[in-house]
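What follows is a short report on a single structure.
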Amino acid sequence: MTTAVEDLHLVGVTKRFGEATAVADLSLDVPAGSFFALLGPSGCGKTTTLRMVAGLELPSSGRILLGERDITRRPPYRRNVNTVFQSYALFPHLDIHDNVAFGLRRRGIRAVDAPVREMLELVELGGFARRRPAQLSGGQQQRVALARALINRPDVLLLDEPLGALDLKLRRQMQLELKRIQTEVGITFIHVTHDQEEALTMADTVAVMNGGRIEQLGSPIDVYEGPQTAFVANFLGQANLYPGVTAGAGAEATGVAITIADATVTVPVSALAGRSGRVVVGVRPEKVRVVDPSAEHDLPANRLQGTIAEVAFVGVSTQYVIALPSGARLAAFEQNLDPREVGRPGEPVALGWEPRHTFILDADEDLRAGLLDQTPVPPADPVAAPLSGSAPGAR
Amino acid sequence: MRRRSTPYLLLLPGMAWLGFFFLIPLASLLATSLQRPLGPSTEDGFAPALEFTNYSAALLAYWPQFLKSFAFAGLASLIGLLIAFPLAYFIAFRAGRWRMLMLVLVVLPLFSSFLLRTNAWKTLLSSEGFIVETLNALALLPDDRVLNTPIAVIAGLTYNFLPFLVLPIYASLDRIDKAVVEAAADLYATAAARLRTVILPLAAPGVLSGVLLTFIPAAGDYINAQLLGSIQDKMIGNVIQSQFIIVRDYPTASALSFMFMVTILVLVLLYIRRVGTRELV
């Protein structure tokens, strides 16, 4: 725990498999001791990136540095990086003790009993040393895989969808567990996942990957609250996205008015980041308040009218799909403070959100990027055409 | 009621086969091995008896052939293993799209007759053949020939039983999760260490069954010794065959058969205890 952990740098890394480019000119700096998540859909290149850091794939071009050392071409057994494999890949012929001791023994360390015991305690598997992997549950195997990698005190620990095979409840528990262990050992964790909740829960820094590139990188809050592309907005949580046009020329103190179809909303100047004319306006469903039209005066500044199209009561919240007069749809999640006031389909409602909760994307963004349902949208004329919001509930 | 009897009914054909064609002949073989000659010549016939001296006499007369059988079969298994393991490893891990073709090539010789193949080796190893001529040109042969030497017998045995070594080893190598090998590399194991600590232990069941499938039939084989070896290279199979068919000394032949079976059984059990894993195959 006292060894100086080093930063990891990827410099212009590209990986091609025949014609296909899995990772395209990727540059990345992972500070020592951070919990870094590579988040993206399957096939986005995140696992290939991980395997290149592990040494299991050779980059087609680019360099991988650990501190000052170039480890690009070093074989996996000669770099101080360990992996927790998706399938765990425990040695079936060895018991838990020998599985965990494997890395130490390969490096010629004889006194393995004490560190192995200590490591098994850390992952709460103290009594399982003499069991075989096949005799353990999925969650226990996962922790053995973690212990087997961590015991080597690597500079970087790579986790390839480590919780993918676990059921939801166990996954939640292991998320907190992993975070605790990472804080305790202080090793850099790079965590590959397609599960946005997992990434947001555990990581200090999230890199959202798509098509072999990083779409956006930042803290979970920054990336979630301020998505810079439609892909990030849709892949990370849900988003209501509408084409719009900035109204008027000058910036006002209160913000800029943007016309979306038959309504106008206000956006802080900072959110526009210098854009004007055609833009994409976005708001997260949980930011939108849904009330009876008679209570409209209680709503935040960006107000719209609509009719409830769908309602789903999910316990902690009620999820609405609201049909706007233009025909566009808007998703809204209301916290269930008073569940008896849940609306019914067909009822008119008023909705509103704070201007500062609005985010702005470039006008040429594909509004459906990052959605599982990839039906094409008609080209949207921001004023004349009906609002083409990204369909909520698609994820 | 019905459920309880079903498994036994399913076993019936197999048990009947085993009873008629193994257990009864075995009992008859045991009885024959203890028979007493009725006269000085084998033509005089034999009477039922409990002549245990048949065993000691047979062993005393033919122990060299016994030893030779196990030595030849052991060497053939060992050499076969040295050829089969790298071959199976290549097919399982490196052959890619050639994998099926290579497996077919391994099995292909089995489609022609065992006798035919062994006779072909007679030609291959003859002193006029290119193999022996090349070896002689390099002065690598102590007595200028291969045919009619133990080397030819061992080579024939190795060749004939090689597919039975390759296939089980291939099967167990193919079952190894590639991620487990990658995990070993990730955990500081060099290629040699991966072979020793992960691949070999996980392939052990295949090696075990391959060696059994080679050693047992090779030890009892008499075709290779007869076609490729000299008169000094006779194995126990040749002795039993000639005792039964030419000399017609049935008790001696039966006693040899019995001792051979028991020895094989003991050797195999020792071997399984030594290198065996919990699950065979």
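The values are calculated or read from the model by the stated rules, or taken from the named source; none is laboratory data. For clarity, every value in this text was computed on a predicted model and none was experimentally measured. Neighbour counts run over all protein chains shown; Cβ positions are idealised from the backbone, glycine included. Protein only, heavy atoms only, side chains kept; ligands, DNA and RNA dropped before computing areas. Shrake-Rupley method; radii C 1.70, N 1.55, O 1.52, S 1.80 Å.
Computed quantities for the displayed model
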item	result
Against the rule of thumb 2.2 N^0.38 Å, how large the Cα Rg of chain A comes out	1.15
Alpha-carbon Rg/Rh ratio, for the stretch A:151-309, with Rh computed the Kirkwood way	1.08
For chain A, share of DSSP beta bridges that run antiparallel, in % to the nearest 5	75 percent
Cα-based equivalent ellipsoid of the stretch A:31-172: semi-axis lengths in Å, sorted from largest, via gyration tensor	26, 20, 13
Measure of compaction for the stretch B:211-281 (Cα Rg per 2.2 N^0.38 Å)	1.31
Expected 222 nm ellipticity per residue - DSSP helices of 4 or more, -39500 (n - 2.57), all of chain B, to 500	-22000 deg cm²/dmol
Shielded residues, the stretch A:130-165 - accessible-area loss of 40 Å² or more between chain alone and all protein chains, probe 1.4 Å	none
Top of B:Pro201, B:Pro150, B:Pro168 by mean-square fluctuation, Gaussian network on chain B, Cα under 10 Å	B:Pro201
Rough spin-label spacing in nm, given labels placed 7 Å along Cα→Cβ, for B:Ser112 and B:Leu12	4.5 nm
Chain B: angle of helix B:2-18 to the longest principal axis, Cα-based, in degrees nearest 10	60 degrees
Sum of -39500 (n - 2.57) over DSSP H runs of 4+, divided by residues of chain A (222 nm, nearest 500)	-6000 deg cm²/dmol
Principal-axis tilt of helix B:24-33 within chain B, Cα atoms, nearest 10 degrees	60 degrees
Accessible area per residue in Å² at 1.4 Å probe, computed on chain B	57 Å²
Principal-axis tilt of helix B:150-174 within chain B, Cα atoms, nearest 10 degrees	50 degrees
Between B and A, accessible area buried - total, square angstrom, nearest 100, 1.4 angstrom probe	1800 Å²
Given 12 as the ceiling on other Cβ atoms within 10 Å, longest exposed-site-free region of chain A for GluC sites (Glu not before Pro) in DSSP loops	A:253-395
Carbon plus sulfur fraction of accessible area for chain A, probe 1.4 Å, in percent	50 percent
Cleavage-rule hits, GluC sites (Glu not before Pro), the stretch B:107-194, DSSP coil, Cβ neighbours within 10 Å at most 11	B:Glu128
Of all accessible heavy-atom area on the stretch B:67-280, the percent that carbon and sulfur account for (1.4 Å)	71 percent
Largest-first ordering by accessible area, 1.4 Å probe, given options B:Trp17, B:Trp98	B:Trp17, B:Trp98
Descending Cα extents along the principal axes, the stretch B:127-281, whole Å	63, 47, 20
Heavy-atom SASA rank of B:Met261, A:Met52, B:Met15 (probe 1.4 Å, accessible area, largest first)	B:Met15, B:Met261, A:Met52
Kirkwood Rh, Cα atoms: Rg over Rh of the stretch A:118-203	0.94
Pairs from A:Lys46/A:Lys287; B:Lys122/B:Lys234; A:Lys15/A:Lys46 whose Cα-Cα separation, in the structure shown, is over 23 Å	A:Lys46/A:Lys287
For the stretch A:253-361, accessible area per residue (1.4 Å probe, heavy atoms of protein chains only), Å²	48 Å²
The stretch A:12-150, accessible area per residue, ligands and nucleic acids excluded (1.4 Å, Å²)	41 Å²
Exposure ranking of A:Val283, A:Val316 by accessible area [1.4 Å probe, largest first]	A:Val316, A:Val283
Paramagnetic reach from A:Ile109 (point 7 Å along Cα→Cβ, amide N under 19 Å) across the stretch A:63-87	A:76-85
Selected from B:Tyr159, B:Tyr250, B:Tyr188 as most flexible by GNM, with chain B as the system and alpha-carbon contacts under 10 Å	B:Tyr188
Rounded FRET efficiency, nearest 0.05, which uses the C-beta distance separating B:Val268 from B:Ala47 and R0 of 41 Å	0.75
The stretch B:1-69: mean projected area of Cα convex hull, nm²	8.0 nm²
Cα gyration tensor shape of chain B, rounded if a/c is under 1.5, else prolate or oblate by comparing a/b with b/c	oblate
Ratio Rg/Rh [Cα only; Rh per Kirkwood] for the stretch A:129-171	1.00
Equivalent ellipsoid semi-axes - Cα gyration tensor, the protein assembly as shown, angstrom	76, 28, 24
